[in-house]
Amino acid sequence: MPKRSDLEQKALQFIVNNGYDGVLQSELWRKLGASSREGSRVAIKLEGKGLIRREKELCSGRWTYRLYPKRFPASIDLIADCPCLMCADNARCSSWATISPQNCEKLTKWLLRIAEEENGALGDS
Ligand code: SF4
């Protein structure tokens, strides 16, 4: 049987890799070769650390939990289309200047689009 800390790390990695779809607790333990008892303990521990959330789900007539990551690792893809990267005003833009992120329409639109996509993805799960 793997050590619990190893199991926690592997479980968290698997849950994060499944993204917004989440993963059934029973499926996860099967993949990791853990018992359901050990798996439940690990899931509760990960939830207690604020790393995942568990949602009760009826699957094939039995209640189980679907596990979702609370956070995803940062990715360069997330900012690849940030308007600041190609902005002609970038060198003159700062919080204390006339051209500022605080009043930038391009940046605000981009942030709102990301927020909408994020909310849509969370709504799908
Ligand atoms: S905040 Fe706006 S003005 Fe400033 S660099 Fe980004 S896109 Fe350009």
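The values are calculated or read from the model by the stated rules, or taken from the named source; none is laboratory data. Predicted model, so just to flag it, every value in this text is computed and none were measured. Using ideal geometry, Cβ is built from the backbone for each residue, glycine included, and neighbour counts are taken over all protein chains shown.
Summary of values
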item: Residue check for W63: assigned to a strand (DSSP E or B), farther than 22 Å from I114 by Cβ and not assigned by TED's automatic domain parsing to the domain that holds W110; result: yes
item: When residues of segment 69-106 are limited to those that are within 15 Å of the ligand (Cβ to nearest atom), assigned to a loop (DSSP other than H, G, I, E, B) and small (G, A, S), the one nearest to V42 (Cα to Cα); result: A80
item: Candidates A97, A43, A115, A88 - the one that is in contact with a strand residue (DSSP E or B) (Cβ under 9 Å, 6 or more places away or on another chain) and of a type in the set (A, V, I, L, M); result: A43
item: Neighbours by Cβ (under 6 Å, 6+ apart or cross-chain): first from segment 30-52, within 14 Å of Q9 (Cβ to Cβ) and free of Cβ contacts under 8 Å to residues at least 40 places away in the same chain; second buried (at least 17 other Cβ atoms within 10 Å of the Cβ) and small (G, A, S); result: V42/A11
item: Breaking point among (1) surrounded by 11 or more Cβ atoms within 10 Å (Cβ to Cβ); (2) within 30 Å of R30 (Cα to Cα), for I79; result: (2)
item: Checklist (1) surrounded by 14 or more Cβ atoms within 10 Å (Cβ to Cβ); (2) at pLDDT 90 or above; (3) of a type outside the set (F, W, Y) applied to N18, failing item; result: (2)
item: Candidate set from segment 53-63 (those that are over 14 Å from A11 (Cα atoms) and under 21 Å from the mean Cα position of the chain (by Cα)); member that is surrounded by the most Cβ atoms within 10 Å (Cβ to Cβ); result: E57
item: Single residue of S60, S100, S95 found to be without any contact (Cβ under 8 Å) to a residue 12 or more places away in the chain, of a type outside the set (F, W, Y) and closer than 30 Å to D6 by Cα; result: S60
